[in-house]
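The values are calculated or read from the model by the stated rules, or taken from the named source; none is laboratory data. In this text, all values refer to a predicted model and were calculated from it rather than measured experimentally. Neighbour counts run over all protein chains shown; Cβ positions are idealised from the backbone, glycine included.
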Amino acid sequence: MKAWIMILAMMTSQFFAMNSFADTSQQDEVTYSLQEITTIRSFGPWPIEPQAEPSNRFSQQAQAIELGRQLFFDRRLSREGELSCADCHQPTQAFQDGIALNKGLNPLHRNTSSLLNLAHRPWYGWGGEHDSLWSQSIRPMLSASEMHTDLARLKSQLQQDKYFQCAFEQTTGQTIDSLDQEAWLVSVGKLLASYQETIRSGSSPFDHFREQLLASSANDKPIVPAQSALSIQQQQGLKIFIGEGRCQLCHSGPQFSSGEFGDIGVRFFTAEGVDKGRYQGIQSLKDDPFSLLGQYNDDETKNNSLRTSHLQLLHRNWGEFKIPSLRNVAQTAPYMHNGSLNNLAQVIDFYSELDEERLHADGEKILRPLHLSATKKQALEAFLTSLTGPVMAATDNSAIFQHCQIHSP
Ligand code: HEC
Ligand code: HEC
């Protein structure tokens, strides 16, 4: 019986061998060099376990997460109660809006970012205007084009809301009355950030494949194609991503982003003028009373502010934009800081036909037009779709403020 199975196995493998000899374009196995395996290893592990953010004393606390969640969906945060954070960062759309340029209370000139996996990033915003998730969360309330909040009015509104007052006190140990407007605003930002830290993406087909590949290279057994988490086409795309595409030079590490900034020649003219990107971002970060250099950074060591204090404004920062994470990228169209590309195929065409004249940063030249064949473009796109994992976020836990409910109308 056993011998019979072996012969059959030999015959099938011979059959496949002959088959692949006859048609070399129908590859049934992709092989990886040691260097490629090292690069692929560097895209993990994923997911990353949540850890407290030292600049935010409420980080990872259940009550702060719940109160932050309630604020995130609360339209009172905008001028006339028109908009909540969730109206632009929609939970069913990977926490963005699917629109190239949305309108807040005024037209926006940047594409709404997805809020997935934002904990522990070095910079926030397309130009890196902020160095913490909580200071970035204050910005939409202050911005005239987003929520344009009347802060004095919002504060007194929340002060009169008995339920909110009770929940706020229980969470922060402080009453709203005891805080001046700025300190209160910072607390709101930190609560919003505590909720947003829970917005994450789970393990994707790529992450399963990475584990398979690391296990197979450790015990020297190739992955059986039928059991591989990535199709042959996706694997070919992966090889382009880390090979001739050189995408991993910027889209590196477990987030598929170095967290820094780059210039790939996306137009930076807007309806009102020019978007200076990182150049403007550094300027406003230096002036930001809520940056990690200021008094509201809860990390007593202040080690987390070194990056900001070492920041220098350079000519090359002009027109640089944040290198976006590519996790769940298939769910976050349209693309680029100005939402100018509608789908992944257009992004790949953009890199393939890149106009070198448009690149203006004077840093090292990484980019050049790739001139990919149609088959390679499709493979690269197929790979990018393999980076999609389940979207997770803290859900309703209002029971935690049960004893505050008696106050609600
Ligand atoms: C009118 C739509 C709109 C509303 C409302 C809005 N946002 Fe945003 N959000 C944006 C846009 C556009 C960007 C990109 C802004 C930029 O980079 O200059 C953004 C960026 C962000 C980022 C940065 C993400 C990153 O990758 O760096 C965070 C965090 C964020 N918003 C949180 C919030 C919170 C919290 C609220 C509610 C208090 C909120 N947003 C309300 C449109 C909106
Ligand atoms: C020099 C660094 C660099 C390299 C190399 C690079 N990118 Fe990018 N990528 C960026 C930057 C910067 C942006 C945002 C540009 C903007 O909005 O103006 C971006 C944006 C993107 C986006 C849009 C994501 C979004 O959420 O809007 C995708 C998709 C993407 N890159 C994929 C790739 C692929 C695929 C490759 C390889 C062919 C690649 N990138 C190579 C820096 C780079």
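Filtering the stretch 126-145 to residues that are surrounded by 24 or more Cβ atoms within 10 Å (Cβ to Cβ) and more than 15 Å from GLY294 (Cα to Cα) leaves GLY127, GLY128, SER137. Restrict the check to the stretch 311-329 and report whether at least one residue is under 26 Å from PHE58 (Cβ atoms), within 16 Å of ligand 1 (Cβ to nearest atom) and more than 19 Å from the chain's Cα centre (by Cα). No, the conditions are met nowhere in the stretch 311-329. Given the structure, is GLY104 more than 16 Å from ligand 2 (Cβ to nearest atom) and free of Cβ contacts under 8 Å to residues at least 60 places away in the same chain? Yes: the conditions hold for GLY104. Does LEU292 satisfy the criteria of being surrounded by fewer than 21 Cβ atoms within 10 Å (Cβ to Cβ) and either more than 16 Å from ligand 1 (Cβ to nearest atom) or in a loop (DSSP other than H, G, I, E, B) (or both)? In short, no.
Can you spot a residue in the stretch 344-356 that is crowded, with 18+ Cβ neighbours inside 10 Å, within 22 Å of the chain's Cα centre (by Cα) and among the polar types (S, T, N, Q)? No, the conditions are met nowhere in the stretch 344-356. With respect to (1) within 20 Å of the chain's Cα centre (by Cα); (2) surrounded by fewer than 14 Cβ atoms within 10 Å (Cβ to Cβ), the lone exception for GLY262 is condition (2). Which members of the stretch 313-322 meet the condition of being outside any helix (DSSP H, G or I), touching a residue at least 12 places away in the same chain (Cβ under 8 Å) and surrounded by fewer than 21 Cβ atoms within 10 Å (Cβ to Cβ)? If the condition is that a residue be outside any helix (DSSP H, G or I), touching a residue at least 12 places away in the same chain (Cβ under 8 Å) and surrounded by fewer than 21 Cβ atoms within 10 Å (Cβ to Cβ), then LEU313, TRP318 are the ones that fit. Total residues in the stretch 241-259 satisfying the condition of being buried (at least 21 other Cβ atoms within 10 Å of the Cβ) and over 16 Å from LEU367 (Cβ atoms): the figure is 2. Scanning the stretch 188-232 for residues that are over 30 Å from PHE73 (Cα atoms) and under 16 Å from the mean Cα position of the chain (by Cα) gives no hits. For the stretch 149-164, state whether one or more residues are at pLDDT 95 or above and either assigned to a loop (DSSP other than H, G, I, E, B) or under 24 Å from LEU311 (Cβ atoms) (or both). Within the stretch 149-164, one or more residues are at pLDDT 95 or above and either assigned to a loop (DSSP other than H, G, I, E, B) or under 24 Å from LEU311 (Cβ atoms) (or both). Listed conditions (1) surrounded by fewer than 21 Cβ atoms within 10 Å (Cβ to Cβ); (2) out of contact with any Lys or Arg (no Cβ under 6 Å at 6 or more places or on another chain) are all met by SER325, apart from (1).
Taking the listed residues LEU213, LEU285, LEU230, LEU238, the one that is crowded, with 16+ Cβ neighbours inside 10 Å, within 30 Å of LEU108 (Cβ to Cβ) and aliphatic (A, V, I, L, M) is LEU285, with no other qualifying.
The number of residues in the stretch 146-171 that are away from ligand 1 (no atom under 16 Å from the Cβ) and surrounded by fewer than 22 Cβ atoms within 10 Å (Cβ to Cβ) comes to 11.
Within the stretch 70-78, does at least one residue satisfy the condition of being out of contact with any helix residue (DSSP H, G or I) (no Cβ under 7 Å at 6 or more places or on another chain) and modelled with pLDDT under 95?
We begin by selecting, within the stretch 70-78, every residue out of contact with any helix residue (DSSP H, G or I) (no Cβ under 7 Å at 6 or more places or on another chain); these are 70, 74-75, 78.
Going one step further and asking which of them are modelled with pLDDT under 95, we end up with 78.
Checked the stretch 70-78: at least one residue is out of contact with any helix residue (DSSP H, G or I) (no Cβ under 7 Å at 6 or more places or on another chain) and modelled with pLDDT under 95.
Looking across the stretch 61-85, the residues that are assigned to a helix (DSSP H, G or I) and within 8 Å of ligand 1 (Cβ to nearest atom) come down to LEU71, PHE72, LEU77, CYS85. Taking SER305 as meeting all but one of (1) within 25 Å of SER252 (Cβ to Cβ); (2) more than 21 Å from the chain's Cα centre (by Cα); (3) in a loop (DSSP other than H, G, I, E, B), write down the number of the exception. For SER305, the exception is condition (3). Taken over the stretch 357-394, the criterion of being part of a helix (DSSP H, G or I), surrounded by 13 or more Cβ atoms within 10 Å (Cβ to Cβ) and either among the charged types (D, E, K, R) or in contact with a Pro (Cβ under 9 Å, 6 or more places away or on another chain) (or both) is satisfied by ARG358, LYS376, LYS377, GLU381, THR385. Condition check for VAL274 on (1) within 15 Å of ligand 2 (Cβ to nearest atom); (2) surrounded by 18 or more Cβ atoms within 10 Å (Cβ to Cβ); (3) among the β-branched types (Val, Ile, Thr): one failure, at (2). The residue that is surrounded by the most Cβ atoms within 10 Å (Cβ to Cβ), counting only those in the stretch 328-343 that are more than 6 Å from ligand 2 (Cβ to nearest atom) and assigned to a helix (DSSP H, G or I), is GLN331. Just need a number here: residues in the stretch 112-143 that are within 8 Å of ligand 1 (Cβ to nearest atom), part of a loop (DSSP other than H, G, I, E, B) and more than 20 Å from ASN317 (Cβ to Cβ). Looking only at that region, the number is 4.
For the stretch 367-405, enumerate the residues that are of a type in the set (A, V, I, L, M, F, W, C) and over 30 Å from GLU197 (Cβ atoms). Explain how you work it out, then say what you get.
Filtering the stretch 367-405 down to residues of a type in the set (A, V, I, L, M, F, W, C) leaves 367, 370, 372, 374, 379-380, 382-384, 387, 391-394, 399-401, 404.
LEU367, LEU370, LEU372, ALA374, ALA379, LEU380, ALA382, listed by residue number.
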